[in-house]
1. Restricting to region 21-47, what's the tally of residues that are closer than 22 Å to residue 61 by Cα and outside any loop (DSSP other than H, G, I, E, B)?
2. Filter region 29-47 down to the residues that are among the aliphatic types (A, V, I, L, M) and under 14 Å from the mean Cα position of the chain (by Cα), then identify the one that is surrounded by the most Cβ atoms within 10 Å (Cβ to Cβ).
3. It is to be established whether one or more residues within region 146-155 are assigned by TED's automatic domain parsing to the domain that holds residue 87 and surrounded by fewer than 16 Cβ atoms within 10 Å (Cβ to Cβ).
4. Among the residues that make up region 148-161, is at least one of them part of a loop (DSSP other than H, G, I, E, B), modelled with pLDDT under 95 and basic (Lys, Arg)?
5. If I go through region 59-78 residue by residue, how many of them are polar (S, T, N, Q) and in a helix (DSSP H, G or I)?
6. Can you tell me which of 195, 240, 174, 219 is on the phi < 0 side of the Ramachandran plot, in contact with a His (Cβ under 9 Å, 6 or more places away or on another chain) and among the β-branched types (Val, Ile, Thr)?
7. Just checking, which of 141, 107, 118, 129 is in contact with a Cys (Cβ under 9 Å, 6 or more places away or on another chain) and of a type in the set (Gly, Ala, Ser)?
Amino acid sequence: MPDPTPSQPADVHEWVSFQDPDEQRTWVFDVTFLTSPWTCIFGNGCKGVLTEAAPELVQGCCSYGAHFVDDADRKRVEVAAKRLTDDQWQFRREAKKRGGPVKVNKAGETVSRLVDDACIFLNRPGFPAGPGCALHQAAAAEGESFIGWKPEVCWQLPLRRQDETDDHGHVTSTVREWKRRDWGEGGHDFHWWCTESPDAFVGHEPVYASLRDELVELTGEVPYALLVDHLVEREVQARTHGAVAFLPHPTLRHR
């Protein structure tokens, strides 16, 4: 006979959905992740996405380069790359020698080139500007948002938006945390992944606040505002009634 009280699945999340007021779209949000204290710990304990922990390399999730989603994504990055100087980008001359920082791989995918087994845009330890994405660092130096400089997949991580259209043309857009599976088969070989590690859940504000700009870019101002209104109201109601507002992230429940 089946177990009448099966154990709870390990990766349980809470979700909220609502209709977009301006278009034929339903938004579905991963409340569990968006209300968690996850924060990027690049260079501050991040173990990277190789098959073994390698915090000393300071590569974060840049080891495999970026896949561009379309021509607009590629062109935006190429334009940004032309703004970089030798002082900002360790491999600027290497990129020029190779015909640019972007190529088409054997599978026909448009990707950033790699240098020494990591993205060509990644400055390494020992470079005067410090380790990290040259595009990200330059955007900060110019007082601009890195969203306009970096490949889409890079500025979105660890968020992921997926759109599905039904037979009637209605779109369901899901915004959730990026999982190992989203990297393809290789993701299961990672020694470490940040949304699974309590090391990264040390932020001082919820993800929906800390990643506001990224979420607005993914959803638009109106859907984001509706989401925040809902979450804030939930928090107020929970404090008023002495209840827990949201389902904690599995990483925090199981540590």
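The values are calculated or read from the model by the stated rules, or taken from the named source; none is laboratory data. This is a predicted model, so every value here is computed, not measured. For neighbour counting, all protein chains shown are included, and Cβ atoms are generated from backbone atoms with ideal geometry for every residue, glycine included.
1. Within region 21-47, the first condition is being closer than 22 Å to residue 61 by Cα, and the residues that meet it are 30, 33-34, 36-47.
Subset that is outside any loop (DSSP other than H, G, I, E, B): 30, 33-34.
Selection size over region 21-47: 3.
2. First, pick out the residues of region 29-47 that are among the aliphatic types (A, V, I, L, M): 31, 34, 41.
Checking which are under 14 Å from the mean Cα position of the chain (by Cα) leaves us with 34, 41.
Working: 34: 27, 41: 18.
So, considering only residues that are among the aliphatic types (A, V, I, L, M) and under 14 Å from the mean Cα position of the chain (by Cα), the one surrounded by the most Cβ atoms within 10 Å (Cβ to Cβ) is 34.
3. Scanning region 146-155, I find at least one residue that is assigned by TED's automatic domain parsing to the domain that holds residue 87 and surrounded by fewer than 16 Cβ atoms within 10 Å (Cβ to Cβ), so the answer is yes.
4. Applying the first criterion (part of a loop (DSSP other than H, G, I, E, B)) to region 148-161 yields 149-151, 157-158.
Next cut, modelled with pLDDT under 95 only: none.
Scanning region 148-161 turns up no residue that is part of a loop (DSSP other than H, G, I, E, B), modelled with pLDDT under 95 and basic (Lys, Arg).
5. First, pick out the residues of region 59-78 that are polar (S, T, N, Q): 59, 63.
With the extra rule that they be in a helix (DSSP H, G or I), the set shrinks to none.
Here the count works out to 0.
6. Details: 240 fails: in contact with a His (Cβ under 9 Å, 6 or more places away or on another chain); 174 fails: in contact with a His (Cβ under 9 Å, 6 or more places away or on another chain); 219 fails: in contact with a His (Cβ under 9 Å, 6 or more places away or on another chain).
Going through 195, 240, 174, 219 in turn, the sole match is 195.
7. On the way: 141 fails: in contact with a Cys (Cβ under 9 Å, 6 or more places away or on another chain); 107 fails: in contact with a Cys (Cβ under 9 Å, 6 or more places away or on another chain); 129 fails: in contact with a Cys (Cβ under 9 Å, 6 or more places away or on another chain).
Being in contact with a Cys (Cβ under 9 Å, 6 or more places away or on another chain) and of a type in the set (Gly, Ala, Ser) holds for just one of 141, 107, 118, 129, which is 118.
Residue by residue, here is whether (1) in a loop (DSSP other than H, G, I, E, B); (2) surrounded by 15 or more Cβ atoms within 10 Å (Cβ to Cβ); (3) of a type in the set (S, T, N, Q) holds:
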residue: 80; (1), (2), (3): no, yes, no
residue: 87; (1), (2), (3): yes, no, no
residue: 96; (1), (2), (3): no, no, no
residue: 108; (1), (2), (3): yes, no, no
residue: 127; (1), (2), (3): yes, yes, no
residue: 130; (1), (2), (3): yes, no, no
